[in-house]
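A short reminder: the numbers here are calculations on the coordinates, not readings from a lab. Treat the numbers as computed from the prediction; the structure is a model and nothing was measured. Cβ: placed from backbone, ideal geometry, glycine included. Neighbour counts: every protein chain shown.
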Amino acid sequence: STVVLVFEAPLSFEFKVGAGQKVKVGEVLGDVKEDVK
Amino acid sequence: TTNPIPESAKDKSRPLYQRLSAAWKDTPTKWYPLPLAVGALLLVAIDYRKNHTGKEVHLDEHGNEVVKLKGPWQVHVLGALPLRNLSRLWGYLNSLELPVWFRPFGFRLYSYIFGCNLDEIENTDLTQYKSLGDFFYRRLKDGVRPIADSVLVSPADGKVLHFGTISDLHVEQVKGITYSLDAFLGVENPSSPSSTVIEIPKTEHHDNKNHEVVTDEEFANVNGIQYSLGNLLGSGSTKSQQHQPRKTPTSTPSPSSSGTQTPDQTHLDPSQSVQDNLAHDATVAYEMGVRPALRRRSTSGSDVQEGHALNFVVIYLAPGDYHRFHSPTAWIVQKRRHFVGELFSVSPYMAKRLQNLFVLNERVALLGRWKHGFFGMVPVGATNVGSIKINFDSALRTNELHPRRSHPPPGTYTEATYSSASPILGGKPLNKGEEMGGFCLG
């Protein structure tokens, strides 16, 4: 079984995982870099 | 032509190339009309080529999208197998009640083979799991899956197969193989089926203990929640809607004697359920920055805002993994599209060989919005796990028995909306980490 996520995000969004990496529920997949003003 | 060969071309003393050149120059060209049958055959051949080697997804006579099976011969052999029936048989066999004495040994052996961590499961008494299917759909203890503080977290235990940015509305299945996003999520057109409104009882917001804790914590920390609620409701003062935080359960609900946990509703106060639910909706909306206007935007991935991009990530759940999935972010699910397709294996082996794998397989596309725009989550079934459950959608039926001839073609879907879950938000609000459903054997 597979779960696919498709989502819109700002260009500053970055995945924090690598292909083939094992993940568990609640672990970081990605985050949006906040602009530092 | 049938003209006689010119004399210059017949001269054997001349080199061959000169004779050929002379024949070419001296032979006059005469045009004849082709017989009608030849022209018709040519048109048939062109049409056949267009239909069979052109688009991977096309519309049938009823306007339904049909996806072609493409891949090496092994794929076509698999496609000829009655995978859905095999999946149902597999599910039936795994639902058979096992002898109590065998359960601990059998489940330990399964865990050893597939790498399950028995320390994490909620009910550690293995005799309480009646069947392998029951064990497969096990719950985990509270707290063993902490939710990270990032904007997007993993919805499931598994392996990240692929991720990236979507370009030209095509998603990369593996390197070099793509499939159409429209075919994957479905597109609305005049021939699309009308949506069914799914009635979601308000109390279903409270069926998850983790969710309860998160909501209460958020509520306690966000001072402006009544103000947000007032704005969303369009009312001025919300003094009459002062929220009293619900009592959180003081102890972990104990499993029932059957080994399956029943929803803990002992903490619910009927007089507070409506306002608590409104507060919950508002909490999610507040976190997401949702405005009513957002609801008017279509739930498709094609209208991306400027400065944004569409991204995707694929997580593969191996047989031993925890098979429930959770909300990867705070979002609102507005609709679901159930695609009745095939049930190919979705293992990395197949993903590399079968084009359109995720478009061909049975799946439930949950579409909605999060703080950054469109958000979609699609659990895709497979041969051994053909049944997909969504906790808040009891009307959903997956891996149903369809006679081969009446089987809907891949690409067709039935649609339901969750607007009844929260009229304020136009969908079912979910907190990050909240359990949403899962995959069952068969």
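Which of the GluC sites (Glu not before Pro) across chain A are loop residues per DSSP, with 16 or fewer other Cβ within 10 Å?
On the way: sites: A:Glu8, A:Glu14, A:Glu27, A:Glu34; in loops: A:Glu27, A:Glu34.
Hits after loop and neighbour filter: A:Glu34.
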Using the Cβ atoms and a cut-off under 12 Å, what net charge is assigned to the surroundings of B:Leu343, where Lys and Arg are +1 and Asp and Glu are -1?
-> 0
Of the listed pairs A:Lys16/B:Lys335; B:Lys141/B:Lys432; A:Lys33/B:Lys159; B:Lys130/B:Lys159; A:Lys22/B:Lys175; B:Lys70/B:Lys175, those with alpha carbons more than 22 Å apart are A:Lys16/B:Lys335; A:Lys33/B:Lys159; B:Lys130/B:Lys159
Could you give the nm distance between label points at B:Arg108 and A:Gln21, where each point is 7 Å from its Cα heading toward the beta carbon?
-> 3.6 nm
Nearest 0.05, what FRET efficiency do B:Leu96 and B:Val144 give at R0 = 45 Å with Cβ-Cβ as r?
-> 0.95
Using the Cβ atoms and a cut-off under 10 Å, what net charge is assigned to the surroundings of B:Ile390, where Lys and Arg are +1 and Asp and Glu are -1?
-> +2
Within region B:62-163, which chymotrypsin sites (Phe, Trp or Tyr not before Pro) sit in a loop by DSSP and count at most 14 neighbouring Cβ atoms inside 10 Å?
-> B:Trp101, B:Phe102
Based on the Cβ-Cβ distance from B:Ser195 to A:Lys33, what FRET efficiency comes out when R0 is 60 Å, to the nearest 0.05?
-> 0.95
